[in-house]
Structure formats: structure tokens, C-alpha cells
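Engineer: I am attaching a structure below and will ask some questions about it afterwards.
The values are calculated or read from the model by the stated rules, or taken from the named source; none is laboratory data. None of the values given here were measured: they were computed from a predicted structure. Every residue, glycine among them, receives a Cβ derived from its backbone with ideal geometry; neighbour counts consider all protein chains shown.
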Amino acid sequence: MSERIARVALLMGLIFPVLACGSIPGLARPTPTVWVAEPWISVPEEQSVMGTSLAPAPSGTAAGIGATAPTPVEIGILKCQNNPSTGVVPAQTPIVLVWGWATDNEAKRDEFLSIGTYVVRVDTLEQDMNGAQRNLEDEGTVRWNLPIGQLPAGNHEVRLTTILAKSFTESSGTYPAGQLEDIVCQLDVRP
């Protein structure tokens, strides 16, 4: 009997990790859980980070324990300016701002990258551009993603400023050196 128990235990020891990892086709993976790695760190109930407000965890729950991480939503700044309904975001949702530049070819894209810079402001607070990820999407297009975290409920202005060190000419026209017209997006964070 003990030999049979040993075999079952060995078998369970081999199968359970596979089931827990969700690597058997047809089985759903468990929902990711966010765990607090250092529970001894005290964070004030409300703390300002880059112009955003971090709200406390709902009462009756431990911050981060057993909670699933909300899926970030991408907001295209130009798309939001042209269609304000794309700037509606549920509260407690992480936001990633997205913008880009499309030009004629790789040489023009590289020229733009060498002379162009961006400033992003959320509610007049300049964001840290070191957090922006630049993606070269094809021979003429570049796209940036900038995670800004969660914003408190209410209306928030996102302002994208493009600054050119010198004039830039492409098939669609010539852009003068200096600051181009800002792209402004109104975010509506709803509870």
C-alpha cells in the first residue's frame, strides 16, 4: 500500500505543477494576482505621483493582496483630440498615452527622430519622458507609449507638444523649426 501512495504522490508531484502553470492545452490559466512584496512599507492614504493621485485600497481589503491587476488602456492623443469619446476611461484603470509620427520613408523618419522632441503634460504637469517607449513600426513610422498610471475621477487635460530643432520637409509639407501646434486630449475618468 505504501508503494502505491508513493507512486500517486510522485505522479501528483509531476502533474500538479503542470496544472498550476496552465500549460496543458484547453485549460485556462489562472488570473494573475498582484502580491505586495514588502508589506512593511507604509504608504500614505493618498500620495501624488507625477500629477496623479493614488487612492487607498477599498476598505476591508489589504492593498494588492488577492487583487487582480487592472488592464491598462491605451489612449491615442491625436485620436482623442479628434474623437473625445475615445478619452473616456473607467476609474482605477492604468493609462498609457500613445502618439506617433508617420512620414515618407526610413530616411525621413530618422531625420525627424534626430530633430524632433516631445513634451507631454497631464493637467499642466510635465511627464517624465524617460518612461516613454519608442517603437519603430515600419520604414516611415515611429510610435511612442508613455504609461502615466491611474488618474483620479474627473476631467484631465493631456497636452502633446512637438518641438523641431530645425525645419522638416516631407511629402505632406514643411514644418517650421520650433514648437508645432499642440495636440490636446480631454480625458474623462469616470467612477
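Engineer: How do the strands (runs of 3 or more DSSP E) wholly within the range 105-191 filter down when requiring 3 or more residues that are β-branched (Val, Ile, Thr): which remain? Talk me through it step by step, then tell me what you get.
Structural biologist: Values: elements: 116-122, 133-138, 141-149, 154-164, 168-170, 173-175, 183-190.
Passing ranges, in order: 116-122, 141-149, 154-164, 183-190.
Engineer: Also, I was wondering about something else. Do we find that residue 93 is assigned by TED's automatic domain parsing to the domain that holds residue 181 and more than 19 Å from residue 183 (Cα to Cα) in this structure?
Structural biologist: Answer is yes for this residue.
Engineer: While we're looking at this one, here's another question. Have a look at 78, 54 and point out the one that is at pLDDT below 95 and either among the hydrophobic types (A, V, I, L, M, F, W, C) or within 18 Å of residue 135 (Cα to Cα) (or both).
Structural biologist: 54
Engineer: From (1) in contact with a helix residue (DSSP H, G or I) (Cβ under 9 Å, 6 or more places away or on another chain); (2) within 22 Å of residue 71 (Cβ to Cβ), pick out the condition that doesn't hold for residue 169.
Structural biologist: (2)
Engineer: Does residue 167 satisfy the criteria of being assigned by TED's automatic domain parsing to the domain that holds residue 86, touching a Pro at 6+ places or on another chain (Cβ under 6 Å) and exposed (fewer than 13 other Cβ atoms within 10 Å of the Cβ)?
Structural biologist: yes
Engineer: Given (1) within 30 Å of residue 68 (Cα to Cα); (2) buried (at least 16 other Cβ atoms within 10 Å of the Cβ); (3) hydroxyl-bearing (Ser, Thr, Tyr), where does residue 162 come up short, assuming only one miss?
Structural biologist: Residue 162 satisfies every listed condition except (1).
Engineer: Continuing with the same structure: Residue under question is residue 189, and the condition is that it be surrounded by fewer than 16 Cβ atoms within 10 Å (Cβ to Cβ) and closer than 13 Å to residue 75 by Cα; does it hold?
Structural biologist: It is false that residue 189 is surrounded by fewer than 16 Cβ atoms within 10 Å (Cβ to Cβ) and closer than 13 Å to residue 75 by Cα.
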